[in-house]
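Remarks on the structure that follows.
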Amino acid sequence: VTANTGKRGGGGAHLFVQAVDCIAGPAPDVVLRASGNNQFIGNHAQGDLSDPNAAGGGGIFAELHSARTVASAVQYEISGNTIERNDATTHGGGASLLAWADGATAPTDAVISFHNNLVAKNAARDTTFRVPSGGGLYGRAVALGADAHARLSQSFLTVADNETELGTGGLEWDDRLPIGSTRIAGAETSFELSNSIVTGNDGYGVGYAESL
């Protein structure tokens, strides 16, 4: 997957799952896998950070929206890929991940697994003062409602030589707990990183920004 352009994000691939009232059984009700040595090289994600719909993800934009669905009902996996020399004008030069859980009325999980990937020589850059971040990977977890749990699980990665204008060149994380009539204590977001190599990136290797 090479030399493609997304106007708001997902230059190489846009991977989308909306899981509503899915049932946990012997096997997941919904399965999305992007695995097996796929190569996402030289793709472009355009957009402006002032646009709320700008998604980023020069190589991949992966999003999971889950409502009234527990983790065992959905398998969302991105593994064993090369994500290299992609760029974004907003965030996530290599990849942008969004896990959104709406647990306002029932227990809900949104979990994206991103592992065994090479994320190298990607860039998040723009000419404006808004300074994009997350040269290699940008991850956002959003939890709405008392029984909402959003999680990004990252392991066995090599994140190397990615670039950004300011802040985090490697992996940038951001979470949201939206304020609304349904929000009470209990919503949870989490990020996991293990057994990975993060080296040679601009600025911070791993950065976190908390937003309400």
Going by the structure shown, is A27 in contact with an Asp or Glu (Cβ under 9 Å, 6 or more places away or on another chain), free of Cβ contacts under 8 Å to residues at least 60 places away in the same chain, of a type in the set (G, A, S) and assigned to a loop (DSSP other than H, G, I, E, B)?
-> no
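What is the residue count in region 26-40 for residues that are under 19 Å from D109 (Cα atoms) and either of a type in the set (D, E) or surrounded by fewer than 16 Cβ atoms within 10 Å (Cβ to Cβ) (or both)?
Here is the first cut: in region 26-40, the ones under 19 Å from D109 (Cα atoms) are 26-33.
Pick out the ones that are also either of a type in the set (D, E) or surrounded by fewer than 16 Cβ atoms within 10 Å (Cβ to Cβ) (or both) and you get 26-27, 29, 31, 33.
Residues that pass the stated criteria total 5.
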Does R85 satisfy the condition of being open to solvent by 30 Å² or more (accessible area, probe 1.4 Å) and in contact with a Cys (Cβ under 9 Å, 6 or more places away or on another chain)?
-> no
So how many residues does region 41-82 have that are open to solvent by 20 Å² or more (accessible area, probe 1.4 Å) and aliphatic (A, V, I, L, M)?
-> 5
Just to be sure, is A120 modelled with pLDDT of 95 or more and of a type in the set (A, V, I, L, M)?
-> yes
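Going by the structure shown, is R176 among the basic types (K, R) and over 20 Å from I78 (Cβ atoms)?
Numbers: among the basic types (K, R): yes; over 20 Å from I78 (Cβ atoms): yes.
Judged against the criteria, R176 is a match.
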Just a yes or no: is a residue in region 173-193 more than 19 Å from I112 (Cβ to Cβ), in a strand (DSSP E or B), in contact with a strand residue (DSSP E or B) (Cβ under 9 Å, 6 or more places away or on another chain) and modelled with pLDDT of 90 or more?
-> no
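Filter region 76-109 down to the residues that are outside any strand (DSSP E or B) and of a type outside the set (V, I, T) and list them by number. It would help to see each step written out before you state the result.
We begin by selecting, within region 76-109, every residue outside any strand (DSSP E or B); these are 80-81, 85-86, 89-90, 92-94, 103-107.
Correct list: G80, N81, R85, N86, G92, G93, G94, G103, A104, A106, P107.
Look through N81, N116 and report the one residue that is touching a Phe, Trp or Tyr at 6+ places or on another chain (Cβ under 6 Å) and either within 22 Å of N4 (Cα to Cα) or of a type outside the set (A, V, I, L, M) (or both).
Numbers: N81 fails: touching a Phe, Trp or Tyr at 6+ places or on another chain (Cβ under 6 Å).
Within the list N81, N116, the selection yields N116.
The values are calculated or read from the model by the stated rules, or taken from the named source; none is laboratory data. This one's a predicted model, so the numbers in the text were calculated from it and none came from an experiment. Heads up, the Cβs are rebuilt from the backbone with ideal geometry, glycines too, and the neighbour counts pull from every protein chain shown. Keep in mind that these areas ignore ligands, DNA and RNA; they rest on the heavy atoms of the full protein, side chains included. Shrake-Rupley method; radii C 1.70, N 1.55, O 1.52, S 1.80 Å.
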